[in-house]
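K.L.:
My questions all concern the structure below.
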Amino acid sequence: QKSAVGVATSSSSLYSLARLVEDVKNYSGDGPRTIFVGGKGGVGKTTISSALAVSLASSYEDDLKVLVVSTDPAHSLGDALDEDLRTNSQGRPRTMTDPVTSGRLYACEVDAQAALEEFRTNLQAFDVD
């Protein structure tokens, strides 16, 4: 089974990020490229997501701007990137200014529960059941 960027979606076929990084870089479709990383707790979603984001954003030849977003209540994306993504961010992406990604990597941690509550509050304004 293949995804939109041509990478096999079977969990047994991807042994290295290098193949996925190359597929994303070589993707010829229009518009932004989107990758979702999911799985059970403790399988390495944050590790893979942050490593993939840094790999893509650190390529000077491709000059890709990369946004990595986490909805994990553990808020460990900031730990993986060695950046406090919660302080004064209000859920907005923060530009990583490290020398490796040179401002091409943006990251944020979204409080999914708070976002759901805000959505419900806004929905009430439309008097929708």
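K.L.:
I need the full set of residues from the range 57-68 which are surrounded by fewer than 16 Cβ atoms within 10 Å (Cβ to Cβ) and either assigned to a strand (DSSP E or B) or modelled with pLDDT of 90 or more (or both), in order please.
P.N.:
If the condition is that a residue be surrounded by fewer than 16 Cβ atoms within 10 Å (Cβ to Cβ) and either assigned to a strand (DSSP E or B) or modelled with pLDDT of 90 or more (or both), then K65, L67 are the ones that fit.
K.L.:
Related question: If I filter the range 1-45 down to residues being of a type in the set (D, E, K, R) and closer than 24 Å to S76 by Cα, which single residue comes out as modelled with the lowest pLDDT?
P.N.:
So, considering only residues that are of a type in the set (D, E, K, R) and closer than 24 Å to S76 by Cα, the one modelled with the lowest pLDDT is R33.
K.L.:
Could you check, for the range 31-46, whether at least one of its residues is hydroxyl-bearing (S, T, Y) and surrounded by 13 or more Cβ atoms within 10 Å (Cβ to Cβ)?
P.N.:
Yes.
Quick grid of which residues meet (1) touching an Asp or Glu at 6+ places or on another chain (Cβ under 7 Å); (2) within 21 Å of V24 (Cα to Cα); (3) of a type in the set (D, E, K, R):
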{"position": "K45", "(1), (2), (3)": "no, yes, yes"}
{"position": "S50", "(1), (2), (3)": "no, yes, no"}
{"position": "D63", "(1), (2), (3)": "no, yes, yes"}
{"position": "S70", "(1), (2), (3)": "yes, yes, no"}
{"position": "H75", "(1), (2), (3)": "yes, no, no"}
{"position": "D79", "(1), (2), (3)": "no, no, yes"}
{"position": "P99", "(1), (2), (3)": "no, no, no"}
{"position": "E117", "(1), (2), (3)": "no, no, yes"}
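K.L.:
Based on what the data block shows, is V54 in a strand (DSSP E or B), of a type in the set (V, I, T) and either under 13 Å from the mean Cα position of the chain (by Cα) or within 22 Å of K25 (Cβ to Cβ) (or both)?
P.N.:
Here the answer is no, as V54 does not meet what is asked.
K.L.:
Any residue at all in the range 62-77 that is in contact (Cβ under 8 Å) with a residue 40 or more places away in the chain and at positive phi?
P.N.:
Checked against the condition, which is being in contact (Cβ under 8 Å) with a residue 40 or more places away in the chain and at positive phi, the range 62-77 yields at least one hit.
K.L.:
May I pose another question? Do the conditions hold for T87, that is, is it modelled with pLDDT of 90 or more, at negative phi and part of a loop (DSSP other than H, G, I, E, B)?
P.N.:
no
K.L.:
Sticking with this one: Would you please name the residue that is nearest to L17 (Cα to Cα), looking only at residues in the range 84-117 that are open to solvent by 50 Å² or more (accessible area, probe 1.4 Å) and touching a strand residue (DSSP E or B) at 6+ places or on another chain (Cβ under 7 Å)?
P.N.:
This residue is Y106.
The values are calculated or read from the model by the stated rules, or taken from the named source; none is laboratory data. On a predicted model such as this, the values are computed, not experimentally measured, just so you know. Methodologically, a virtual Cβ is constructed for each residue, glycine included, from the backbone with ideal geometry; neighbour enumeration extends over all protein chains shown. Just so you know, the surface numbers come from the protein's heavy atoms only, side chains and all, with ligands and any DNA or RNA stripped out. Shrake-Rupley method; radii C 1.70, N 1.55, O 1.52, S 1.80 Å.
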